[in-house]
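Each remark here refers to the structure printed beneath this line.
Here, each number is a calculation from the coordinates, and none is a lab measurement. On a predicted model such as this, the values are computed, not experimentally measured, just so you know. Neighbour counts are summed over all protein chains in view; Cβ atoms, including those assigned to glycine, are modelled from backbone coordinates with ideal geometry.
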Amino acid sequence: MTHDEFRTAWKAEEDCAMIKGWDFSHIHGRYEEEDDLPWDYEQIIRGILRDEMKLLDYDTGGGEFLLSLHHPYENTAATEGYPPNVQLCREKLLPLGIDLRECADASRIPFADASFDIIINRHGDFYPPELYRLLKPGGLFITQQVGSDNDRELVEAVLPGTAKPFPHDNLPEQKKAFEDAGFEILQADEAYRPIHFYDIGALVWFARIIQWEFPGFSVDSCFDRLLTLQETIDSEGNITGTIHRFLIVAKKPERM
């Protein structure tokens, strides 16, 4: 392809970069990530969750993962703060009887004290003192998070010198935050794993979706750097970065 043809193709990816919920199917098969973490977030939850437990999924996205758990709807609650996802959740979750609350402030979640046996959170926001308030004695918070070093090689490749958006999102600092809030840590793990892109269009779409990691990214402003990455794909078949994830399972003590 000529440079003009690359630009046209990549700008088409840029123009269509939008999602509902957390749906990356547009680039399915064009990139790979997070398929070899040393823990299984879903299985950890399933190993603990019982039908009679009150469950909250904070920052549920489009509710996709929550619905996959098939927890009794009358014992299920969710929050979401991103307006397009809020509307999607209203359409998907409310008709099922799930208690959905709009919330974009992790320090002020609109439920009563000691409402839940389990709160889950995958790649969302959290505030340990508020989670402590919401959990019953003996209740659990289970989270898988994106760490501060996530995708840094890819960011540097197109936007060199860009600051980390969440520099304190790492296991040591967040583990201490939970301990300071009164939690007992049952499990804490951290992992770095590869992420592969097999065409630059997929990376363009990804960078436009993950705007907090790639602030100000556009095909036009980063075009020469994208061409350099295209040369890497031509010679090596893909470009590779590193994802950063951490997991915390925290328990509110039985007796306070």
- Where the only charges are on Cβ atoms (+1 Lys, Arg; -1 Asp, Glu), what is the dipole of the stretch 3-251 about its Cα centre, to the nearest 20 debye? 780 debye
- Taking the dipole about the Cα centre of the stretch 3-251, with the C-beta of Lys and Arg at +1 and of Asp and Glu at -1, give me whichever of Leu69, Leu226, Phe166 is farthest to the positive side. Leu69
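In the stretch 1-110, which GluC sites (Glu not before Pro) fall in coil by DSSP and have 11 or fewer other Cβ atoms within 10 Å? The partial results should precede the final answer.
Values: sites: Glu5, Glu13, Glu14, Glu32, Glu33, Glu34, Glu42, Glu52, Glu64, Glu74, Glu80, Glu91, Glu102; in loops: Glu33, Glu34, Glu52.
When the GluC sites (Glu not before Pro) of the stretch 1-110 are filtered for loop state and at most 11 Cβ neighbours within 10 Å, Glu52 remain.
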- Message: What are the ³J(HN,Hα) couplings of the stretch 77-88, residue after residue, when phi is run through the Karplus curve with 6.51, -1.76, 1.60 and θ = phi - 60°? Round to Hz, x for glycine and proline.
- Response: 9, 8, 10, 7, x, 7, x, x, 6, 4, 5, 4
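Would you mind finding the longest exposed-site-free stretch of the chain, with exposed trypsin sites (Lys or Arg not before Pro) meaning DSSP loop and at most 11 other Cβ atoms within 10 Å? It would help to have the intermediate numbers written out before the result.
Values: sites that count: Arg50, Arg108, Arg255.
My reading of the result: 109-254 is the longest stretch.
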- Message: Whole angstrom only: what separates the Cα centroid of the stretch 180-256 from the Cα centroid of the stretch 2-19?
- Response: 21 Å
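Would you work out the charge dipole size for the stretch 1-83 about its Cα centre, treating the Cβ of every Lys and Arg as +1 and the Cβ of every Asp and Glu as -1, and quote it to the nearest 20 debye? Mind dumping the intermediate values first?
Working: 7 positive and 20 negative charges, 46 e Å.
The dipole magnitude comes to about 220 debye.
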- Message: Could you derive backbone 3J(HN,Hα) for the stretch 122-136 from the dihedral phi with the Karplus parameters 6.51, -1.76 and 1.60 (θ = phi - 60°), listing whole Hz in sequence and x where the residue is Gly or Pro?
- Response: 10, 6, x, 8, 7, 9, x, x, 6, 5, 4, 4, 6, 7, 5
- Message: Could you give each residue of the stretch 184-200 its phi-based ³J(HN,Hα) in whole Hz, using Karplus coefficients 6.51, -1.76, 1.60 with θ = phi - 60°, and x for Gly or Pro?
- Response: 9, 8, 8, 8, 8, 9, 9, 8, 10, 9, x, 10, 10, 10, 9, 8, 5
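Given only helices, namely DSSP H runs of n ≥ 4 each adding -39500 (n - 2.57), what is the per-residue ellipticity at 222 nm of the chain, to the nearest 500 deg cm²/dmol?
Values: 9 runs with 84 residues, N = 256.
The helix contribution divided over the chain gives -9500 deg cm²/dmol.
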- Message: Suppose each label sits 7 Å from its Cα in the direction of the beta carbon; what would the Ser218-Thr8 distance come out to in nanometres?
- Response: 2.1 nm
- In nm, the gap between the two label points placed 7 Å beyond Cα toward Cβ at Ala112 and Lys136 is 1.3 nm
- Note on the structure: Here, Glu153 and Ile48, labelled 7 Å along Cα→Cβ, have an inter-label distance in nm of 3.3 nm
- Message: For a quick size check, give me the Cα extents of the chain along its three principal axes, largest first, whole Å.
- Response: 66, 40, 28
- Sequence-distant residues sharing a close amide H with Arg101 (under 5 Å, placed H): Ala78, Thr79, Glu80
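Above 22 angstrom, tally the Cα pairs of the stretch 74-147 and express them as a % of all pairs, no decimals.
On the way: 562 of 2701 pairs.
Of all Cα-Cα distances in the stretch 74-147, 21 percent exceed 22 Å.
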- Note on the structure: Distance in Å, no decimals, from the C-alpha centre of the stretch 42-57 to the one of the stretch 131-154 is 16 Å
- Item | Semi-axis lengths, Å, the stretch 190-237, gyration tensor of Cα atoms, sqrt of 5 times eigenvalues | 18, 18, 8
- Message: Would any residue of the stretch 188-211 have its amide N under 20 Å from a label point 7 Å out along Cα→Cβ of His123? List them or say none.
- Response: 189-211
- On average over all directions, what projected area in square nanometres does the stretch 1-140 have, based on the convex hull of its Cα atoms? 10.6 nm²
